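To start, the structure itself, in structure tokens.
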Amino acid sequence: MKPVVCIYCEGTDTKVAVLKKEKDTVKILRVASLTMSHSLLQVSKQEVFEELENAGSAGDLSFDSIDDVPSVEATEDKSDAGILQSALFGLKLNQCEFIPIITEPIVNYHSYEGPRDSNKKKLLQLVANDIQNVKGITVDVDSVDVTELNDKAMLSVFIEGEIPCVNLVNLYANYNNRRYFKIPTVKTAELSLAYYVSKSNKFFPEDNTLIIYIGKEYSKLIFLEGQKLKHIGATLDIGTKNLHTYDVYFSKILLEMENGGIPKLDNIILCGEDRSENLILSFFGTFPEANVSELKFEGFDYSAITEEDLKNLALFAIPISSALEYFDELSKEHIGVNFLPKYIQEHQKFLQFGWHSYAILPLLFGATFFFTFQILSSYREMNDLDFEIERLTLRQQQNQALVEEITPLNVRINSFDATQAILDSATSGAGIWNSTITKVGDFIERRRNFWLTRLETVSADEIKINGYALSRSVLTEFAQYSNTGLLKFINYEPLREKSAFAYTINFKIGQDSLTTK
């Protein structure tokens, strides 16, 4: 179980007790009595902020989790947070819970005689309504709680205004660079002390017991009947600092006995700052039939505290009692009065939400679901598109391979067309040449005095022939026979004692007629 730091603030006096439950034993880890720089009963938020600015040199504020930051080294600091830091130095603050303890005038008591309800929330609402009707004070349901008295009557307890110890805890958290320390509950000084006395002592059912707590500035009177709470007296503005005579106590006690309907006192239990022999003898003199004793703290583990602290445990009766009551509540042994005002709950939330924020939470969940669905759908579509792109890329690679195989064939086909055209052209030209040579051959065969020695092309459609003729007339006849011939050259050259003529004739091929040049 986590250690609890119980802090009881009353005026300038602050009592601190750190306890931890280990199995069935409660161990007292530390106790301290502190004197603050000003009265925490009148502290305001503005004063807390001002002191925080003065203590700001300790470091900047951090909103990180308190679980991963150890406590800082104690330094000489006279601020309230610095004094508390010195008292708690060495503790693992991130593992502690803080319990503020309240008393008058922050806490108020009201006797409730209205209807009961088994539903706790409805009962608290009835009590809040009764406080409004009887005292004219409006209180929130989370600032009200109830407890039963010895006669089955119901005592309602409610708080007003800011809680000094809560402000101190928040100031201390800021001093250690935290936004807050965990506050599980707020306890009431008088009720916690009454519970511890009732648990640690056995009284007869008809016994009337007075618990008197004497502080430095204030004192408290709590009355029990048997083991049950009977009456809580008003806080007395007297303590060890301003007490001149014990007779003041006796007059106040008699007045509260009359107010609470208490006829006599059988037991008087002392705790707090003054437990001197003179005080005990004074009570013996005023209430001779009463058993006067000092409040004892037995059954605890004291190994962590000094001998001096052990002797003065009655000084810390209220914070120790509050811690023990809290442990018994956690183990379901007791149901006590607890407060946790809404502003404390809101301050300790990891996320600060107002009512309107909670109203739109369903919309946030809906929007989250919608956008998550859209994102997942888009991812699925992207995966499908990636698969299609991969498939088309593979197809493209296959097609490219086919194109590379087709390209040589295409080149061959194109070259075949060109070859075919050449062949066709050659075939056509061969026919013309064949026809021309056939005609020339026919002419030579009939004349016998005309032959060729050389044939060459002049252009694509014109040829030149060289040769010899025995007669000039045959040359004229050949030119006329070819119809396109043009006699370019003729020369007399005797050949073997015969008259012969060398000639050159140009003529067109593939045409039926040409103009002779």
Using distinct alpha-carbon pairs, which all enter the 1/r mean, Kirkwood radius of region 448-508 in Å: 11.7 Å
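Taking R0 as 45 Å, what's the FRET efficiency between Ser118 and Arg179 from their Cβ-Cβ distance, rounded to 0.05?
0.70
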Please compute the contact order of the chain in relative form: average sequence separation of alpha-carbon pairs under 8 Å and at least six residues apart, divided by the residue count, as a percent. 12 percent
Size of the chain along its principal axes in angstrom, Cα-based, largest extent first? 195, 54, 42
State which helices in the chain qualify, where a helix is a whole DSSP H run, it must extend 15 Å or more along its own axis by its Cα atoms, and its mean Kyte-Doolittle hydropathy must be at least 0.5. 317-330
Cut-off 20 Å, label 7 Å out along Cα→Cβ of Ser37, residues of region 204-231 by amide N: none
Along the dipole axis of the chain (charges at Cβ: +1 for Lys and Arg, -1 for Asp and Glu; origin at the Cα centre), the most positive-end residue among Asn434, Ala359, Thr35 is Asn434
Using 1/(1 + (r/R0)^6) with R0 = 60 angstrom and r between the beta carbons of Ile413 and Leu495, what's the FRET efficiency to the nearest 0.05? 0.60
Spacing of the two label points (7 Å from each Cα toward its C-beta) at Leu254 and Ala304, in nm: 4.6 nm
Run through region 263-309 and list the GluC sites (Glu not before Pro) located in a DSSP loop whose Cβ has at most 14 other Cβ atoms within 10 Å. Glu289, Glu298
Where nothing but the Cβ of Lys and Arg (+1) and of Asp and Glu (-1) is charged, how large is the charge dipole of the chain around its Cα centre, in debye to the nearest 20? 4080 debye
Answer rounded, prolate or oblate for region 93-215, using the Cα gyration tensor with square roots of eigenvalues a ≥ b ≥ c: rounded when a/c is under 1.5, else prolate when a/b is larger than b/c, else oblate. oblate
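Only the coordinates and a few stated rules stand behind these numbers; no lab work does. Keep in mind the model is a prediction, meaning the values are calculated, not measured. Glycine also receives a Cβ, built like all others from the backbone with ideal geometry; neighbour counts cover every protein chain displayed.
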